[in-house]
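Throughout, read-outs are computed from the coordinates displayed, never taken from laboratory work. Small disclaimer: the values here were computed from a predicted structure and weren't measured. Note that we place each Cβ from the backbone using ideal geometry, even for glycine, and neighbour counts take in every protein chain shown.
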Amino acid sequence: MWKVLLVEDETFVRESVRESIRWEDMGFTLAGEASNGEEALRMIKNEPPDLVLCDIVMPQMDGLALLKETRKAGISSKFVMLTCIGDFESMRQAMEYGASNYILKLSMSVKDLRETLGKIDAELKSASAAASSPSTGAGGSLQDKITHPEVNKIIRYIEQNYDQDITLKSLSQYVMMGENYVSALFKKKTGETLIHYLHRVRVGKAIEQLKNTELPVNRIGQNVGFMNDNYFIKIFKRMTGTTPSQYRLTR
């Protein structure tokens, strides 16, 4: 069962959400409730839930501040925000900081809640599978050491798609988090920047092809995701101390 923390300052709304869903049937259990962000943050830090269903407008600490503080603490709980019609800026900021979805409070229905929980259930299962699946290649040893689901999701994506056009923006969209947050989180959890890790994977794949194929250097560079030959040679030399051609001659 995925654990849910319900954060809402209006008692009526909180009771309505609590009673409208048969949580266990959806694979969730309502593990706790809070009436403001400060109370919720203490609960999240003490025992991180899988999902935080959170109002945006609350006293003491609002939902956006709660989401930001949770991310700063390195906690990757999914967030679904409860918001009012027309609060587009708050919705935008919530999505920027990695909220998975939002629900309009005035028009909220059982169908909306069930569909949202179904989406979150799929995301959590995917993240859990990515974190527990064995991996191979350049990303494998790092992934084995990392327990953060979103970071593991990025590592696995790079390992499987290193030959594609990968940017910080595309990775941030993939894990539905802000670019600055993803960049800082990856560095914190792995000890290296995203671009350095991407280069390390690509150079590792290039070395495999230099050893095991007769493909020309420029083709190998393209095969591992470097569209510019000079840039490929520059990064390869920076990471190995030699050019791809020299590496092939000495191995």
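Checking understanding here: applying a Kyte-Doolittle mean of at least -1.0 and a length along the axis of at least 20 Å (C-alpha), which whole DSSP H helices in the chain pass? Length and hydropathy pass: 110-132, 194-212. Neighbour counting of Cβ atoms within 10 Å sorts the residues Phe236, Phe88, fewest neighbours leading, into Phe88, Phe236. Non-local amide H neighbours of Gly32 (under 5 Å, H modeled in plane, Pro and chain starts lacking H): which ones? Residues meeting the criterion, in which the H sits 1.01 Å from N, are Val4, Leu6.
With respect to the cross-link table entries Lys3/Lys189; Lys45/Lys234; Lys45/Lys169; Lys68/Lys105; Lys72/Lys125; Lys45/Lys187, which display a Cα-Cα separation exceeding 32 Å? From the list (Lys3/Lys189; Lys45/Lys234; Lys45/Lys169; Lys68/Lys105; Lys72/Lys125; Lys45/Lys187), the Cα-Cα distance tops 32 Å for Lys45/Lys234. Out of every Cα-Cα pair that the chain contains, those further apart than 33 angstrom amount to 32 percent.
Residues considered: Leu64, Leu171, Leu210. Largest GNM mean-square fluctuation over the chain, using C-alpha springs under 10 Å, is found at Leu210.
Residue order for Ile158, Ile207, fewest other beta carbons within 10 angstrom first, comes to Ile207, Ile158.
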